[in-house]
Structures are given as structure tokens and as C-alpha cells.
1. So in the stretch 86-118, with the set limited to residues that are modelled with pLDDT of 95 or more and of a type in the set (A, V, I, L, M), which one is surrounded by the fewest Cβ atoms within 10 Å (Cβ to Cβ)?
2. Looking only at the stretch 160-208, which residues are farther than 19 Å from A101 by Cα, touching a helix residue (DSSP H, G or I) at 6+ places or on another chain (Cβ under 6 Å), touching a residue at least 60 places away in the same chain (Cβ under 8 Å) and of a type in the set (A, V, I, L, M, F, W, C)?
3. Where residues in the stretch 176-186 are surrounded by fewer than 19 Cβ atoms within 10 Å (Cβ to Cβ) and within 25 Å of the chain's Cα centre (by Cα), which of them is nearest to L81 (Cα to Cα)?
4. So, in the stretch 8-26, exactly how many residues are open to solvent by 30 Å² or more (accessible area, probe 1.4 Å), assigned to a strand (DSSP E or B), farther than 17 Å from L178 by Cα and not polar (S, T, N, Q)?
5. May I ask you to list the residues in the stretch 125-159 that are among the small types (G, A, S) and either open to solvent by less than 70 Å² (accessible area, probe 1.4 Å) or under 18 Å from L44 (Cβ atoms) (or both)?
6. Any residue that is surrounded by 19 or more Cβ atoms within 10 Å (Cβ to Cβ) and at pLDDT 95 or above - is there at least one of those in the stretch 28-41?
7. Which one of the conditions (1) part of a loop (DSSP other than H, G, I, E, B); (2) free of Cβ contacts under 8 Å to residues at least 40 places away in the same chain; (3) surrounded by fewer than 12 Cβ atoms within 10 Å (Cβ to Cβ) does E122 fail to meet, given that it meets all the rest?
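The values are calculated or read from the model by the stated rules, or taken from the named source; none is laboratory data. Keep in mind that what you see is a predicted model, and the values were worked out from it rather than measured. Positions of Cβ are backbone-derived with ideal geometry, glycine not excepted, and every protein chain shown enters the neighbour counts. Surface areas here come from the heavy atoms of the whole protein model, side chains and all, with no ligands, DNA or RNA. Shrake-Rupley method; radii C 1.70, N 1.55, O 1.52, S 1.80 Å.
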Amino acid sequence: MRHTPSFELTDPAEIRRLIRENPWATLVSHTSTGDLVASHYPMLIDESVAGTDADSGELVLVTHVGRPDEQLHELGQHEMLVIIQGPHGYVSPGWYDANPAVPTWNFVTAHLYGTPEILSAEENLLVLDRLVDHFEDRMPEPRRLHGTAANSAYADRISAGTVGFRLRVTRVIAKSKLSQNKPAETVDRIIGELEGTGPYASPALAAEMRRAHERPASAARSGDHA
């Protein structure tokens, strides 16, 4: 990913928030055969591992893959890249106040690197439980993986077709490109367009822009009162 200092995302708490709110990840491996392999699975922060709080700087992820993806990726044999993609969208030059201008694409993303650690069958089942609970918690009548005897027997049977792994992140490259290089009035205009009804409206991206531009102001206010 292109290195642009003004768009770097380095706050561990914000990176964790990005993962929590956008758990659908792309897994990329460069295998021993020279092939590039990519898969897509939901991924969660492993809150049970000591030291995963925002202040520690350590970040640990868990997920599972369906067989034979563990063989295709050669899980555990080399480094893997996990890509988390947050809100993103087109920004028209017509939304800028000045001319000439060119279009751009605003986005938030994180590249996370680490070598997978294969989980035992028991740990894998716990991860599957967590994944289901994570998404079912929002449902009016959550269907738990082991909510009934029938569901439990079925889950125990099909879990054999999956392989769980833990990824201790050793390197993070994250970027939050949200018009930080534009004047405040231009930012407000872009946010207004994204919150509107046009063809490129994106309330989620607008919310990320508001958050990104309010954080520096909040930090400045805190500094004034320090």
C-alpha cells in the first residue's frame, strides 16, 4: 500500500474499531509454489488472549477456514496478509470548491501480517461459537451454534470440515484517506454529498470522515486544557 504519511492510521484503538466494525476479511498467502492464494472469511479480535487491550499494542485475531483452504494457504508455514476494508467511496471533483480538481476515492483499510497458529479441534469449536454469537447477538431471536441438542450435534459434526487459526499480528499498515488534506469547508461539502441522495451517497463513509476530522479537534481542545 502506498506510503502517505498524512493518511497513516496508527492509533491501535482505531485499528481495533475498524476490525470490529468490518469483520469480513480477505486472507492472502504467497505459497511455496509461488502462487498467490486469496480467501474471504469473517475475522474477530481474540479478546481472550492476555495483552490484546488497546494500550498493549498487541493484536491477535481468530477465524476459521473451510477445508481445503488450509492446504491452499499452507496455514502455519509462512506469513499471511489479512486485509480489512472499511467504508470507502468515490469523491467527485464537483464536490470541491476550487477548480481545477480531479476525482479521488476515500477509504479506510488495514493490512495485518502474521503467521497463523493452527487451533485444536476444541479451540476451533470455541471460535466457531464466538463467530456465531458475534453476529447472532443482533438478531431478535438469536440462533446459537449450540442452542439446542440438534443444533449442537450438527455443529459438532460440520466443524470437522473447518480449520481454526489464531493470527498474532506482527506488522500493521493502515490507512485512513478521508480528505485530511482538504480545507474544512471542502470537507463539509464532501460529507454533505455523501450523506445526500446522489449516486455516490455513502452515510458510512460520511460518518468515518466526521470521526476522522473531529478527532484532531478534540485532541487540540484537550491539549488547551492540559
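1. Per the criteria, the residue is I118.
2. Of everything in the stretch 160-208, those that are farther than 19 Å from A101 by Cα, touching a helix residue (DSSP H, G or I) at 6+ places or on another chain (Cβ under 6 Å), touching a residue at least 60 places away in the same chain (Cβ under 8 Å) and of a type in the set (A, V, I, L, M, F, W, C) turn out to be V163, A174, L205.
3. In this case the residue turns out to be Q180.
4. Residues in the stretch 8-26 being open to solvent by 30 Å² or more (accessible area, probe 1.4 Å), assigned to a strand (DSSP E or B), farther than 17 Å from L178 by Cα and not polar (S, T, N, Q): 1 in total.
5. G147, S152, A153, A155, S159 - these are the residues of the stretch 125-159 that are among the small types (G, A, S) and either open to solvent by less than 70 Å² (accessible area, probe 1.4 Å) or under 18 Å from L44 (Cβ atoms) (or both).
6. Within the stretch 28-41, one or more residues are surrounded by 19 or more Cβ atoms within 10 Å (Cβ to Cβ) and at pLDDT 95 or above.
7. E122 satisfies every listed condition except (1).
Rundown of residues vs (1) of a type in the set (D, E); (2) not in a strand (DSSP E or B), yes/no style:
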| position | (1), (2) |
| --- | --- |
| H64 | no, no |
| E74 | yes, yes |
| H78 | no, yes |
| Q85 | no, no |
| G94 | no, yes |
| R130 | no, yes |
| H134 | no, yes |
